[in-house]
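Data first, discussion second: the structure below is written as structure tokens.
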Amino acid sequence: MKPFTYTRAKTPAEAAAAVASTPNAKFLAGGTNLLDLMKLEIETPAHLVDVQDLKLDRIEPTDDGGIRIGALVSNTALASDPRVRRDYGVLTRAIVAGASGQLRNKATTAGNLLQRTRCPYFYDTNQACNKRRPGSGCAAIGGYSRQLAVIGTSDACIATYPGDMAVAMRVLDATVETIDPAGQTRRIAFGEFHRLPGDSPHIDTNLKPGELITAVTLPKPLGGTHIYRKVRDRASYAFALVSVAAVIQRDGSGRAAIGGIAPRPWRDEAAEAAMPQGAKAVTDRLLAGARPTRDNAFKVPLVERTLAAAIHDAKTMTQTPGTQERGA
């Protein structure tokens with residue numbers, strides 16, 4: 001690990017200003033991803049601004065019937081919150097599927113959204129990676145790509161976004177709240193938060209330099225049956241080959257976001273209109289334009305099968321007496 005300096009911020013605006021004014025500075029919260037990357041010298045910040053004292057760790061109701069989740073709410077606290085379990089069950093299920101209890105105790109809501117890809121070529125500093133070193137090339141293209149993206153890619157990068165929580169946030173139409181170094185706040189629709197790689201895959205989000213996430217808000221509950229299905233190589237603590245976050249209504253309509261297949265949680269609201277027609281109709285539209293490799297072409301039919309299983313689960317839960325539609 002390379003040497004760095006360290007400060008603890010007292011207010012969100014102070015934290016944002018400190019990162020913006022210091023070259024090569026980064027925010028530090030739970031550190032469950034950043035510190036690992038620093039040990040491998042993939043991330044080499046010269047200065048860390050610790051935000052753990054900012055009191056952004058509350059889950060509160062909003063005026064429109066939703067909830068506001070502070071940026072520093074731990075994954076454990078979020079997944080176990082009674083309101084989240086009752087009204088946003090897909091979020092609880094996604095978080096629990098994502099990591100061990102020890103990691104969930106430390107990982108934060110904002111940090112989870114900002115985690116970097118787990119592409120093996122990103123982690124191997126001997127390999128070319130435009131996400132790690134812009135302009136160096138992408139060794140994954142033409143390399144072993146079984147776990148990597150099939151859609152939303154570019155000629156510069158085929159890495160996937162690795163998280164589970166963000167897939168559920170996408171299906172729930174979350175909004176990200178931020179503050180910039182000048183103290184100005186803004187709200188970013190979740191579908192616009194993570195970037196596709198294009199020619200600049202090293203830029204993962206649409207945050208501006210020094211902009212700090214302060215909260216994530218969820219609109220009023222959707223109702224329906226909440227499902228999170230994750231297909232992975234081993235039963236626990238593995239990143240998704242394909243995951244599906246779905247909210248299905250009694251009439252067969254619904255919405256779905258897919259993880260493990262793209263550089264960001266993948267959702268196409270227009271494709272969801274076909275939900276009553278079944279998984280194939282949705283998937284045909286959802287994955288239009290997919291560019292799988294020989295290694296990961298299996299993900300295309302796997303999305304359809306996983307979505308079909310989620311729809312079946314939702315119907316079964318709805319028809320079972322005593323099943324709570326929204327619960328986790």
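Is the C-alpha gyration tensor of region 229-328 telling us rounded, prolate or oblate? Criteria: a/c under 1.5 is rounded; beyond that, a/b larger than b/c is prolate, otherwise oblate. It would help to have the intermediate numbers written out before the result.
Values: a/c = 2.24, a/b = 1.38, b/c = 1.63.
Oblate, because a/c is 1.5 or more while a/b does not exceed b/c.
At a Förster distance of 22 Å, what's the computed FRET efficiency of residue 60 paired with residue 220, Cβ-Cβ distance as r, to 0.05? Don't jump to the answer; show the numbers that get you there.
Values: r = 14 Å, r/R0 = 0.64.
The computed FRET efficiency comes out at 0.95.
So if each residue of separation counts as 0.36 nm, and I subtract the Cα-Cα distance between residue 192 and residue 7, what length gain in nm does that give? Can you show the working numbers first?
On the way: separation 185, 0.36 × 185 = 66.60 nm, distance 3.07 nm.
Roughly 63.5 nm would be gained on extension.
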How would 312, 194, 202 rank on accessible area, largest to smallest, probe 1.4 Å? 312, 202, 194
Euclidean distance between Cα centres, region 82-121 to region 146-183, Å: 13 Å
In nanometres, what is the gap between the two model label sites at residue 284 and residue 36, each 7 Å from Cα along Cα-to-Cβ? 4.0 nm
Looks like region 171-257, by Cα gyration tensor root eigenvalues a ≥ b ≥ c and the a/c under 1.5 rounded cutoff (else prolate when a/b is bigger than b/c, oblate otherwise), is oblate
Using θ = phi - 60° and the Karplus curve 6.51 cos²θ - 1.76 cosθ + 1.60, what whole-Hz ³J(HN,Hα) does each residue of region 234-246 get, with Gly and Pro shown as x? 9, 5, 8, 6, 10, 6, 6, 6, 8, 10, 10, 9, 9
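Using 0.36 nm times the number of residues separating residue 237 and residue 44, minus their current alpha carbon distance, what extension gain do you get? Intermediate results must be reported in sequence, preceding the final value.
Working: separation 193, 0.36 × 193 = 69.48 nm, distance 2.64 nm.
Value of the extension gain: 66.8 nm.
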Karplus-derived HN-Hα couplings along region 271-288 (A = 6.51, B = -1.76, C = 1.60, θ = phi - 60°), whole Hz, x at Gly and Pro: 5, 5, 4, 8, 3, x, 7, x, 5, 5, 4, 5, 5, 4, 7, 4, 9, 4
Could you state how much accessible area residue 275 has, in square angstrom rounded to the nearest 10, with a 1.4 Å probe and all protein chains kept in place? 10 Å²
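Of 55, 106, which has the most accessible area with a 1.4 Å probe, and how do the rest follow in descending order? Walk me through the numbers on the way to the answer.
Numbers: 55 170, 106 100 Å².
I get 55, 106, largest accessible area first.
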Accessible surface of residue 268 - all protein chains present, 1.4 Å probe, nearest 10 Å²: 40 Å²
Say R0 is 30 Å: what FRET efficiency, to the nearest 0.05, do residue 21 and residue 128 get from their beta-carbon distance? 0.40
Got a number for the accessible area of residue 60? Probe 1.4 Å, square angstrom, nearest 10. 60 Å²
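Assuming R0 = 35 Å, can you tell me the calculated FRET efficiency for the pair residue 250 and residue 298, based on Cβ-Cβ distance, to the nearest 0.05?
Values: r = 33 Å, r/R0 = 0.93.
That pair, residue 250 with residue 298, gives E of 0.60.
Given a 1.4 Å probe and heavy atoms of the protein chains only, how would you sort 250, 83, 187, largest accessible area at the top? Don't skip to the answer; put the middle values down first.
Values: 250 175, 83 70, 187 150 Å².
Ranked from most to least accessible, the order is 250, 187, 83.
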Which value in nm describes the separation of the simple spin-label points at residue 184 and residue 200, placed 7 Å from the Cα toward the beta carbon? 1.7 nm
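The values are calculated or read from the model by the stated rules, or taken from the named source; none is laboratory data. Since we're looking at a predicted model, the values are computed, not measured. Every residue, glycine as well, gets a Cβ built from its backbone with ideal geometry; the counts of neighbours run over all protein chains shown. Please note that ligands, DNA and RNA were not included when accessible areas were found on the heavy atoms of the full protein model with its side chains. Shrake-Rupley method; radii C 1.70, N 1.55, O 1.52, S 1.80 Å.
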